[in-house]
Structures are given as structure tokens and as C-alpha cells.
Amino acid sequence: MPFPPLKFSNDVLGLLDQRLLPEKETWLECRTAEEVVRAIQEMAVRGAPAIGIAGAYGLYLGLRDFKGGREEFLKVLKEKARLLGGARPTAVNLAWAVHRIEKKVLSQKGLSTGDLKALLLEEAEQIRKEDEELCRLIGRAGATVFRPVETFLTHCNAGGLATSGFGTALAVFYTLQEEGKSFSVYATETRPLLQGARLTAWELSRSKIPCTLVCESAVASLMRQKKIQRVVVGADRIAANGDTANKIGTYAIALLARAHEIPFYVAAPRSTFDFSLPTGDRIPIEARRPEEVTRGFGRRTAPEGIRVENPAFDVTPHALITAFFTDRGVLSPPFAKNLRVLACANSVSSNA
């Protein structure tokens with residue numbers, strides 16, 4: 001069951017406010033690039049593909065009301081692209097989407113500013129539609145490794161709420177459900193913002209997929225008891241060698257999966273692969289506010305003045321990853337060689 005976290009109509013970007021789930025289903029309305037940036041930074045919208053799509057629409061909103069000549073239009077375009085592309089640093093989809101549109105507009109030599117505005121919106125719509133198609137292909141790829149009556153573990157939220165509506169990691173589960181297969185899922189809480197408890201558990205329960213919520217600290221025990229057969233997670237940025245940045249805690253789960261000989265898969269569209277980075281050591285890791293740890297959801301849970309480290313992501317080395325579920329199928333090691341098919345696809349897409 002798709003859960004699209006955004007909608008665009010009448011020059012307004014609607015965002016399902018994921019900070020309020022599962023208690024309230026409230027839609028924010030963004031009419032400017034700055035409002036989109038704020039929604040991304042405050043995680044009203046989150047998930048690498050979803051913030052890429054939001055950023056694409058945000059670029060159009062930033063220039064929708066522009067009045068002036070072409071040269072000034074292109075100057076403002078670059079300013080808004082820089083603003084939106086830097087809203088969150090780790091997930092590459094955001095910068096990728098904004099850069100793709102900026103490059104497309106800059107390549108058009110004979111168009112009026114009115115035509116360029118229309119092109120901005122057209123390209124944003126295209127990015128959203130492509131994500132829908134890619135997520136469906138990811139789900140089909142992941143479903144091919146399934147064995148009857150297996151139990152999966154997933155971490156954070158890589159579902160419809162993190163994409164155009166069908167998900168990456170959760171796309172595998174939705175595809176299996178459509179195929180009538182029997183399976184179940186463990187979802188981690190995902191501290192400190194509880195995306196697994198608030199979002200993944202909400203999605204899966206509403207989709208009537210059997211789901212059990214667990215604290216991250218329970219994962220090792222569950223694996224030892226052989227209650228988990230496979231791990232499937234999403235990604236925010238993947239380096240050329242397969243090193244993968246995902247929600248903090250993913251690396252620990254990957255280590256546990258290796259120790260218990262459990263396959264560990266990463267599901268992601270081609271836009272999440274960053275072939276400009278040779279390894280994960282170069283992936284920027286976003287540091288978020290201490291209050292997310294010390295005052296989670298408005299209530300103090302730690303003493304005043306305590307020092308806090310709150311990295312939003314960690315990097316899982318490619319050696320711990322069994323395979324990638326992608327829109328080009330299941331890609332197995334050696335990743336330095338086999339991921340090249342996606343590098344070529346990215347090149348074709350950026351030049352389209």
C-alpha cells in the first residue's frame with residue numbers, strides 16, 4: 001500500500017508532517033524554497049528519495065514568482081540550488097536532484113524565463129515519476145531472494161514515507177505482499193527520533209503486514225535465537241565501492257548480521273549512489289541537535305549540561321553487505337565492478 005509523503009498542486013507543495021506521526025496526519029503547505037528547506041532540515045519530510053523530490057519542487061517554488069531577465073534568473077537559480085542542495089548533507093539524492101534540474105536549465109539557451117519556469121516544474125515532476133518506477137523495480141529485485149515464511153529485520157524507515165510512495169527496503173515487503181507470499185518483519189525503534197516505531201510500524205500495520213517492534217538493543221538476542229533470516233535496510237548515500245551511509249545504528253546491525261551469518265541487503269535507487277566518492281570515508285555525516293537526545297519529543301531525559309554526540313548516520317563497509325537491491329536488479333560483490341551498471345545509468349539520466 002503506497003504512502004506518498006508529498007503532493008504538488010496549484011503551485012503548493014504539500015508535505016505529510018512526519019514529525020507528528022503516528023498520532024496525527026497533518027499536511028504542511030510550502031510555497032517558497034525557504035519553507036521547503038525548513039521542512040527538510042526539521043525532518044517534516046525525510047528519507048533520501050523524498051527529500052530529493054521535495055528539493056526539486058522547492059527549486060521551482062524558489063523561482064515561480066521571479067520577474068526579470070534571463071541573466072538574473074540564472075543567478076537566482078544558482079542561489080536557490082545552493083540553498084536547497086545543502087539543506088541536509090548526507091543524503092545525496094537532494095543535491096543530485098537539485099543539480100540535475102540546474103544543469104538542465106543552464107543547458108537551454110533559447111528559452112524565455114517563463115519557459116524556464118515551466119521546465120523547472122516539468123523536471124521536478126519527472127524526478128517524482130522516475131522514483132515511483134525505480135522503487136517498483138527495487139521491490140521486484142528484492143522479492144527474488146525471498147524464501148517462504150521468512151522473517152526480515154529493517155532499521156529506520158525506508159518505506160513509502162521516505163520516497164514517492166512505495167519505498168526502497170519496504171518496497172520488497174509490499175511486493176511480496178502483492179505476490180501473496182507469507183512473511184513477517186521486525187522493525188527497530190530507531191533512536192533517538194523513533195522513525196522505526198513512529199513511521200515503519202505505522203506503515204506496515206496499516207498495510208496489514210505482520211510486524212513486531214523491537215529496541216535496537218534486542219537485535220543481537222533475536223539473531224542468536226534465529227528469529228531473523230534476512231536484514232533489509234535503505235540508504236542515504238552509497239560510495240563507488242559499496243560503502244553505505246544509512247541511519248545511525250545500521251553499522252552495528254550489519255556487524256551483528258555478519259556474526260550470525262545472516263544476509264544483509266541494502267535497497268536503493270540509482271540516485272542514491274555517489275560515484276564521485278571512492279569510499280565511504282568521504283561521505284559527510286550530519287550532526288544533529290543535542291536536544292533530540294536530551295529532550296526527545298519535548299521531555300527532558302538527560303541532565304542539564306551533559307555533552308552529547310548525535311550523528312544522524314553511520315557508514316557500513318561494503319564487506320558487510322551481501323547485495324544491493326536496485327532498479328537494475330540484485331547487484332552482488334565485487335561491488336567495485338558490478339555497481340558500474342548504475343554509474344552508467346546515472347550518466348545517461350543526468351544527460352537526459
- request: Return one number: the angle in degrees, 0 to 90 and rounded to the nearest 10, between the long axis of the Cα atoms of helix 250-259 and the longest principal axis of the Cα atoms of the chain.
  value: 30 degrees
- request: Please name which of Thr301, Leu256, Val92 has its Cα lying farthest along the dipole of the chain towards the positive end, using unit charges on Cβ (Lys, Arg +1; Asp, Glu -1) and the Cα centre as origin.
  value: Leu256
Share, in percent, of DSSP beta bridges within the chain that are antiparallel, nearest 5: 50 percent
message: Report the Cα-based extents of the chain along its three principal axes, largest first, to the nearest Å.
response: 67, 50, 39
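What is the chain's relative contact order, in percent, from Cα pairs under 8 angstrom and six or more apart in sequence? Show your work: numbers first, answer last.
On the way: 701 pairs, mean separation 58.2, N = 352.
Once normalised by length, the contact order is 17 percent.
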About the Cα centre, charge dipole magnitude for the range 175-324 (Lys/Arg +1, Asp/Glu -1 at Cβ), debye: 420 debye
Convex hull volume per residue in cubic angstrom - Cα atoms of the range 216-352: 138 Å³
message: List residues of the range 44-71, by number, whose backbone nitrogen lies under 16 Å from a label position 7 Å along Cα→C-beta of Lys78.
response: 69-71
query: For the peptides 246-252, 232-238, 127-133, what is the packing order when you average, over each peptide's residues, the other Cβ atoms within 10 Å and list the highest mean first?
result: 232-238, 246-252, 127-133
task: Could you line up Cys156, Cys211 from fewest to most neighbouring Cβ atoms inside 10 Å?
output: Cys211, Cys156
- prompt: Using unit Cβ charges (K, R positive; D, E negative) and no other charged atoms, how large, in debye to the nearest 20, is the dipole of the range 6-135 about its Cα centre?
  reply: 440 debye
task: Calculate the radius of gyration of the Cα atoms of the range 6-135 to one decimal place, then report Dmax, the largest Cα-Cα distance, as a whole number, both in Å.
output: 14.2, 50
task: Using a Förster distance of 35 angstrom, determine the FRET efficiency expected from the C-beta separation of His260 and Glu132, and round it to 0.05.
output: 0.50
field: Positive-pole candidate from Leu116, Trp27, Ala54, dipole of the range 6-135, charges at beta carbon
entry: Leu116
Top positive-direction residue, dipole computed over the chain with Cβ charges, set Cys344, Leu134, Val37: Cys344
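Work out, step by step, the length gained on full extension between Arg38 and Lys208: first 0.36 nm times the residue separation, then minus their alpha carbon distance; give nm to one decimal.
Numbers: separation 170, 0.36 × 170 = 61.20 nm, distance 3.32 nm.
Gain on extension, Arg38 to Lys208, equals 57.9 nm.
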statement: If one builds a Gaussian network model of the chain from Cα atoms under 10 Å apart, the most fluctuating residue listed among Thr272, Thr322, Thr154 is Thr322
query: Can you work out ³J(HN,Hα) from phi for every residue in the range 153-158, in order, using Karplus 6.51 cos²θ - 1.76 cosθ + 1.60 and θ = phi - 60°, giving whole Hz and x for Gly and Pro?
result: 10, 10, 10, 6, 10, 10
Computed magnitude of the charge dipole of the chain (debye, nearest 20; Cβ of K, R +1, Cβ of D, E -1): 400 debye
query: Among Glu122, Glu292, Glu309, which one moves the most in a GNM of the chain with springs linking Cα atoms closer than 10 Å?
result: Glu309
- prompt: What is the Å³ per residue value for the convex hull set by the Cα atoms of the range 113-171?
  reply: 74 Å³
- prompt: Helix 340-350 sits at what angle to the longest principal axis of the chain, using alpha carbons and giving 0 to 90 degrees rounded to 10?
  reply: 30 degrees
- request: Quote the relative contact order of the range 138-201 in percent (integer), defining contacts as alpha-carbon pairs under 8 Å separated by 6+ residues.
  value: 40 percent
- prompt: Okay, helix-only estimate at 222 nm for the chain: each DSSP H run of n ≥ 4 adds -39500 (n - 2.57), divide by all residues, round to 500 deg cm²/dmol; what do you get?
  reply: -12000 deg cm²/dmol
query: Gain in length, Arg295 to Asp65, computed as 0.36 nm per residue apart minus the alpha-carbon separation, to one decimal in nm?
result: 78.9 nm
- line: With the 8 Å Cα cutoff and a minimum separation of six or more residues, the range 123-250 has a relative contact order in percent of 26 percent
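Read the figures in this text as sums done on the coordinates, not as results from a lab. Since the model is a prediction, treat every value here as computed from it, not as a measurement. Here the Cβ is made from the backbone with ideal geometry for all residues, glycine too, and neighbour counts use every protein chain on show.
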